[in-house]
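First comes the structure, then the notes that go with it.
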Amino acid sequence: MPRRGDKDLHFWLTRSVGRTIGLNFSEALEEGRLTARRYADLVAICQACPNAGPCQHWLAEGGPGSRARAPEFCPNGPALNALKPH
């Protein structure tokens, strides 16, 4: 079983990657594009990811809405990109 990282850190990393690519999790939840269970799953996937350091570096280089897509190394990237409003 993969080692799990700090849940709070990975909650904020997941949320921050979303914000950086223009995804608002609150709106996605309200609009039914995301369930609370799926949100928890995204955080759990992030917890198992070994790229917390590179992710923090990627986030430090941009601000909210500054990137079009999640980083290639992010295991949640495809899901986060798909959750953005079209």
| task | Could you tell me which residue of the stretch 1-18 is nearest to N81 (Cα to Cα), considering only residues that are of a type in the set (K, R) and at pLDDT below 95? | result | K7
| field | Positions within the stretch 33-58 being within 11 Å of the chain's Cα centre (by Cα) and closer than 15 Å to T20 by Cβ, in sequence order | value | L42, C46, C55
| said: Please list, ordered by residue number, the helices (runs of 4 or more DSSP H) wholly in the stretch 26-86 having 3 or more residues that are acidic (D, E) and at pLDDT below 95. | reply: none
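The values are calculated or read from the model by the stated rules, or taken from the named source; none is laboratory data. Nothing here was measured: the structure is a model prediction, and the numbers come from that model. Here the Cβ is made from the backbone with ideal geometry for all residues, glycine too, and neighbour counts use every protein chain on show.
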